[in-house]
1. Taking region 52-75 only, how many residues are acidic (D, E) and part of a helix (DSSP H, G or I)?
2. Anything in region 16-75 that is among the β-branched types (V, I, T), touching a helix residue (DSSP H, G or I) at 6+ places or on another chain (Cβ under 7 Å) and exposed (fewer than 14 other Cβ atoms within 10 Å of the Cβ)? List them, or say none.
3. Out of all the residues in region 32-51, which are over 10 Å from the mean Cα position of the chain (by Cα) and part of a loop (DSSP other than H, G, I, E, B)?
4. Can you work out which of the residues in region 6-31 that are in a helix (DSSP H, G or I) and among the small types (G, A, S) is farthest from E72 (Cα to Cα)?
Amino acid sequence: MDINQIKKYRKLGLNVAYYRKEKGYTQLELAELLDIDRTHMGSIELANSGVSLDVLFRMSDLLEIPIHKFFEFRD
């Protein structure tokens with residue numbers, strides 16, 4: 001994968017972790033609500049694996065944030 005894409009995945013993962021923590025969920029708790037494995041949740045946050053739009057949409061609903069917030073990358 002291109003280094004620029006990897007950087008975007010890292011920023012996405014940081015946003016996922018930020019909003020998860022803001023709502024007070026552990027990785028395990030959110031993973032269970034999303035019906036994914038906790039290790040997959042960790043991989044998403046660490047940019048070790050991609051995330052499907054289905055999971056992102058469900059995460060957006062559970063965390064009660066607009067989907068675009070995941071893609072507002074801070075420098």
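A short reminder: the numbers here are calculations on the coordinates, not readings from a lab. In this text, all values refer to a predicted model and were calculated from it rather than measured experimentally. Positions of Cβ are generated from backbone atoms using ideal geometry, with glycine treated the same way; all protein chains shown enter the neighbour counts.
1. Residues in region 52-75 being acidic (D, E) and part of a helix (DSSP H, G or I): 2 in total.
2. The answer is I67, and nothing else.
3. Result: D35, I36, D37, N48, S49.
4. A31
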